[in-house]
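This report refers to the structure that appears directly beneath it.
The values are calculated or read from the model by the stated rules, or taken from the named source; none is laboratory data. Worth saying up front: this structure is predicted, and the values here are computed from it rather than measured. Here the Cβ is made from the backbone with ideal geometry for all residues, glycine too, and neighbour counts use every protein chain on show.
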Amino acid sequence: MKIPTGALQWSLMAVLEREKTFLARFLPPGLQECRKDDLVDVYVPADALHPVLRIRKKGGKFEVTKKHPVKDGDASEQREYSIPLTEAEFNALSKVEGKRLHKHRYYYSWNGRVAEVDVFLDELKGLVLVDFEFSSRKEKAAFKAPDFCLADVTREEFVAGGMLAGKKYSDIEAKLKKFGYARIA
């Protein structure tokens, strides 16, 4: 089959994502000087308790993504399938009824790694999560969190994107308090 000249060529590939997610204790020093992306996510379907299909605008890039845990109950390793979208495709798809969230993602260098610091906006203002990605299980298991991280919440479903989307801070405040989390201004 011949692909027309100028047509976008891509193939659907699964990426194995190994990560740990932490509640932030405080914003790390110098965060405001780091590179940042503005993220808008729409999770569908809107009536799902935990939707796993995400339409994302990340700066000037657009994609649709679906994630599945490698093992049930373990969100630290997931297969991630993504398809790039054009801005027009994103604009059309983002009109579907879905659960939305808006955040700024900062890329913070720490100890030779990059921490993805997600500062939530709008109804979730005050929530800050920190993700670290790993190339192996051994590396993930040996990781020691920095002092700006409060608690490992990788296996806590309530902080998954699809669960947070469409919620207010007050909806998750009691669960956050169980970890000693204090809203970050």
*Hey, among ALA185, ALA141, which residue is out of contact with any Gly (no Cβ under 6 Å at 6 or more places or on another chain), assigned to a loop (DSSP other than H, G, I, E, B) and either loosely packed, with under 13 Cβ neighbours inside 10 Å or free of Cβ contacts under 8 Å to residues at least 12 places away in the same chain (or both)?*
ALA185
_Give all pairs with beta carbons closer than 8 Å in which a residue from region 103-114 that is in a loop (DSSP other than H, G, I, E, B) meets a residue that is modelled with pLDDT of 95 or more; count only pairs at least 6 apart in sequence or on separate chains._
ASN111/PRO146
*Assuming LEU23 fulfils every condition listed in (1) modelled with pLDDT of 95 or more; (2) exposed (fewer than 13 other Cβ atoms within 10 Å of the Cβ); (3) in a strand (DSSP E or B) apart from one, which condition is it?*
(2)
*asked:* Given the criteria exposed (fewer than 13 other Cβ atoms within 10 Å of the Cβ) and either free of Cβ contacts under 8 Å to residues at least 60 places away in the same chain or of a type in the set (Lys, Arg) (or both), does VAL96 qualify?
replied: yes
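Is it true that PHE90 is more than 13 Å from the chain's Cα centre (by Cα), part of a helix (DSSP H, G or I) and under 26 Å from HIS68 (Cβ atoms)?
Working: more than 13 Å from the chain's Cα centre (by Cα): yes; part of a helix (DSSP H, G or I): yes; under 26 Å from HIS68 (Cβ atoms): yes.
Judged against the criteria, PHE90 is a match.
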